[in-house]
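The numbers here are math on the coordinates, done by the rules we state, and not lab data. No experiment lies behind these values; they were computed from the predicted model shown. Methodologically, a virtual Cβ is constructed for each residue, glycine included, from the backbone with ideal geometry; neighbour enumeration extends over all protein chains shown.
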Amino acid sequence: MGRSRSSANRWKYINPSYYLKRPKRLALLFIVFVFGSFFLWDRQTLVRDHQEEISKLNEEVIRLQDLLEELKNDHSVSGETVNFSRSDGDVGKKIDYTEDPVDAQRREKVKDAMRHAWSSYEKYAWGHDELQPQTKNGVDSFGGLGATLIDSLDTLYIMGLDEQFQRAREWVANSLDFNKNYDASVFETTIRVVGGLLSAYDLSGDRLFLEKAQDIADRLLPAWNTPTGIPYNIINLSHGNPHNHGWTAGHSILADSASEQLEFIALSQRTGDPKYQQKAENVILEISRTFPDDGLLPIHINPEGKAVVYSTMTFGAMGDSFYEYLLKVWIQGNRTTAVDRYRKMWETSMKGLSSLVRRTSPSYFAYIGEKVGDSFVDKMDELACFAPGMLALGSSGYGPDDSQKFLSLAEELAWTCYNFYQSTPTKLAGENYVFNKGQDMTVGTSWNILRPETVESLFYLWRLTGNKTYQEWGWNIFQAFEKNSRIESGYVGLKDVNSGVQDNMMQSFFLAETLKYLYLLYSPPSVIPLDEWVFNTEAHPIKIVSRNDRAMSSGAGKSAGQQKSYKRALTRREGRFGNK
């Protein structure tokens, strides 16, 4: 009974009549209720405000992340410090990079030069292979394949010249026709047209370019149908009928026959068809069977399998890109075991290059000579000025001692090549130089046709060492081009670098290579980073794709089908690099 009574007493406090009889307690209860309500409302408001603040902070974090990504992609980092790829012997290392405002100004000047060259081509030579600026007309030096237009696609894209790129793209879609009764150079067509189209595809993702690249490559393939697999250098684009130049006595040219690997491997990766890679790699397999101890090959080789021809050994004309591609295919394959043979052959050839290095008196300029049989020739082509960049790029694959040795040699040779320019009244280099005892250097062949090789090497050395001296040298060369070669209707070469007499040709590689390398020389290393892209010998960047096949190690030559399918990593916006 006691428990029931106690329970009844407790229930009276929830009976309204209890409080109506006691007004003070009712007022107290009301006050407690009001304060409790305010307390709960305030806590809910605080929670809601806190959630809103967290949401705003999350949005700000996302915005900052997007901004940082844009800064990396757009390389508009003036005054800001961002990590970009660079190396001191290793292209995968990261350093802090701060853009110099002077670089941005110079980059814009180079971009203006490209606008001038391109608008002149559009106005006077649209669809033709090359512009003759003095007479303001186009010429078809390569059978009417639009060589300058295709060579310029990736330069326009990288510089962010979108309107010009789109007009060029429309011409490729509607007017480019490879069914021509024309005897084309297999090499020149590969590096300019196949390479240019593949690069445009890798940058933009537009399959039109890939389809066009496959079309022209299919027309070139019969050139490889020889007893050795070493291709003939000329083929008719409509009828086939491959053959060699008459002046080579039926022999193939080393650079022309063994410098198609980058383009044809890339084409197999992107199409899934192994035949292109097989044809190109079988050439290296054939050469490797009798590869000499010094890695130096004559510039004439026999596609019929007969004895090696007695001819010049050089890193200049007709030899150069063979050695370049040994290194770059190794890089293109992302340095995997599938491409080890290329690296080993290249290192052997670098022993041969070292044996050709001499130094002048009195200034001790290093240069790369040539050999004819056992005779040494004290001559160096400006074309061989690609070698400093190649040596710098390849130095990362050596151990520390050899890496430093070859990087130092690259820097010495770059100084020589820069002085090819500085030694003439126009400050533009001649085609080649001779070296006599007691004389540092003398112009041999005195023309300049807007070649890119020295600027190419300055670009690599700046990227790989961070030394701004190379940017200063490049700027001096650019200013010499502006002073001597720029005219109202484009750019021209010089017949004589001593007198400054001009010629009447704007070479397609001036837009494809010279201006592109100059532009990249003043761009952040995030623009075409060297750990993601490899340049073909016409300066067309091709995306690096790891290889897991065993084509070169096994000699099977049937590897492309075993590879993982190619996945293009960039979108249109990403590939454009956001250039202003």
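Suppose every Lys and Arg Cβ carries +1 and every Asp and Glu Cβ carries -1, with no other charges. What dipole size does the range 210-314 come out with about its Cα centre, to the nearest 20 debye?
Dipole size: approximately 160 debye.
Spin-label pair K136-D293: with each label point 7 Å from Cα along the Cα-Cβ axis, the two points sit 6.3 nm from one another.
Note that the range 204-212 has calculated 3J(HN,Hα) couplings of 9, x, 7, 5, 3, 5, 5, 5, 5 Hz, one per residue in order, obtained from phi through the Karplus relation 6.51 cos²θ - 1.76 cosθ + 1.60 (θ = phi - 60°); glycine and proline are x. Karplus-based coupling profile of the range 280-287, in residue order and whole Hz: 6, 6, 5, 4, 5, 4, 5, 5, with θ = phi - 60° in 6.51 cos²θ - 1.76 cosθ + 1.60 and x standing for Gly or Pro.
Between N334 and K495, take the C-beta separation as r, use R0 = 41 Å, and let me know the FRET efficiency to the nearest 0.05.
Details: r = 44 Å, r/R0 = 1.08.
With R0 = 41 Å, the Cβ-Cβ based efficiency is 0.40.
Placing a pseudo-label 7 Å from each Cα along the Cα-to-Cβ vector at K405 and Q439 gives an inter-label distance of 3.3 nm.
Between R359 and K123, residue separation times 0.36 nm minus the direct Cα-Cα distance comes to 80.3 nm. Along the range 501-507 the Karplus relation, 6.51 cos²θ - 1.76 cosθ + 1.60 evaluated at θ = phi - 60°, assigns HN-Hα couplings of 4, 8, 9, 9, 8, 9, 4 Hz to successive residues, with x for each Gly and Pro. Under the combined filter of DSSP loop state and at most 10 neighbouring Cβ atoms within 10 Å, the range 286-322 retains these chymotrypsin sites (Phe, Trp or Tyr not before Pro): Y310. Using the Cβ-Cβ distance between E532 and Q166 with R0 = 30 Å, the FRET efficiency computed as 1/(1 + (r/R0)^6) comes to roughly 0.75. Between D215 and Q422, the distance separating the two model label sites (each 7 Å from Cα on the Cα→Cβ line) works out to 4.9 nm. Peptides 170-179, 522-531, ordered by how many other C-beta atoms sit within 10 Å of their residues on average, highest first, read 522-531, 170-179. As a length-normalised measure over Cα pairs under 8 Å and 6 or more apart, the relative contact order of the range 100-148 settles at 26 percent. When the trypsin sites (Lys or Arg not before Pro) in the range 292-382 are filtered for DSSP coil states and for at most 15 other beta-carbon atoms within 10 Å of their beta-carbon, the remaining sites are K306. Measuring against 30 Å, Cα to Cα, the residue pairs K328/K495; K136/K483; K111/K405 contain K328/K495; K111/K405 as the ones spanning a longer distance. Residue separation of I487 and D374 scaled by 0.36 nm, minus their Cα-Cα distance, works out to 36.1 nm of gained length.
For the range 288-366, the set of GluC sites (Glu not before Pro) satisfying both a DSSP loop assignment and a count of at most 13 other C-beta atoms within 10 Å is given as E304. What does the C-alpha gyration tensor say about the overall shape of the range 367-485? Classify as rounded when a/c is under 1.5, otherwise prolate if a/b is larger than b/c, or oblate. Verdict is oblate for the range 367-485.
Annotation: amide H-H contacts under 5 Å for N536 (H modelled 1.01 Å from N, sequence separation of 5 or more, or interchain): I542. Across the range 367-407, Cα pairs under 8 Å and at least six residues apart give a relative contact order of 25 percent. Between the alpha-carbon centres of the range 304-368 and the range 208-273 there is a gap of 22 Å.
Each peptide among 400-408, 204-212 gets the average number of other Cβ atoms lying within 10 Å of its residues, and from highest to lowest they stand as 204-212, 400-408.
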